[in-house]
1. Inside region 1-60, can you point out the residues that are more than 21 Å from T88 (Cα to Cα), of a type in the set (S, T, Y) and open to solvent by 40 Å² or more (accessible area, probe 1.4 Å)?
2. When you go through (1) open to solvent by less than 60 Å² (accessible area, probe 1.4 Å); (2) without any contact (Cβ under 8 Å) to a residue 24 or more places away in the chain; (3) farther than 15 Å from E22 by Cα; (4) within 16 Å of the chain's Cα centre (by Cα) one by one for V78, which number turns out not to apply?
3. Any residue at all in region 104-119 that's open to solvent by less than 40 Å² (accessible area, probe 1.4 Å) and farther than 21 Å from G21 by Cα?
4. Of everything in region 120-135, what is farther than 18 Å from S20 by Cβ and either touching a Phe, Trp or Tyr at 6+ places or on another chain (Cβ under 8 Å) or assigned to a helix (DSSP H, G or I) (or both)? Give them in sequence order.
Amino acid sequence: MAGETDLKKILASLQPDLISGEFVFVSLADWRDDDIRGFSPFAAIREAEGLTLVISREKAEGHALTLGPAFRCITLRVHSSLEAVGLTASVASALARRGISANLIAGYYHDHVFVPSTRAEEALATLKALSASDA
């Protein structure tokens, strides 16, 4: 099933959903594929410096990892195509106008926006307003 490519339709159908719990980004310099099973990562990204994992704050604390800032995840429930143009820019721009940082990760079906925990409700309202303005 192909995702939507029309930006106007995508924005009108964002359906932002604030996921429960907090997430942190951690980096593992030395790792093996078996090492990440216990973390149940939301996402894993290979970089030259190591493996970045997006995991629950509880998992990070349980493994005594160095914690950075805590984030909340807003999943955009619209099924956008990976080839759609402008979604990331539109979301990031709307949040930037409010001074809210945004770390976006694209999945096959949905995009996921990680925002500072302290600004999560404001970010959710901003994305709902963005969607309503394009309805």
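The values are calculated or read from the model by the stated rules, or taken from the named source; none is laboratory data. Predicted model only: the values in this text are computed from it and were never measured. For neighbour counting, all protein chains shown are included, and Cβ atoms are generated from backbone atoms with ideal geometry for every residue, glycine included. Heads up: the accessible areas ignore ligands, DNA and RNA and are worked out on the full protein's heavy atoms, side chains in. Shrake-Rupley method; radii C 1.70, N 1.55, O 1.52, S 1.80 Å.
1. S20, S27, S40, listed by residue number.
2. In the conditions (1) open to solvent by less than 60 Å² (accessible area, probe 1.4 Å); (2) without any contact (Cβ under 8 Å) to a residue 24 or more places away in the chain; (3) farther than 15 Å from E22 by Cα; (4) within 16 Å of the chain's Cα centre (by Cα), V78 misses (2) alone.
3. Taking region 104-119 and keeping what is open to solvent by less than 40 Å² (accessible area, probe 1.4 Å), we get 105, 107, 111-117.
Checking the rest, the ones that are also farther than 21 Å from G21 by Cα come to none.
So far as region 104-119 goes, no, none of its residues is open to solvent by less than 40 Å² (accessible area, probe 1.4 Å) and farther than 21 Å from G21 by Cα.
4. So the first thing to find is which residues in region 120-135 are farther than 18 Å from S20 by Cβ, and the list is 126, 129-135.
Selection gives T126, A129, L130, S131, A132, S133.
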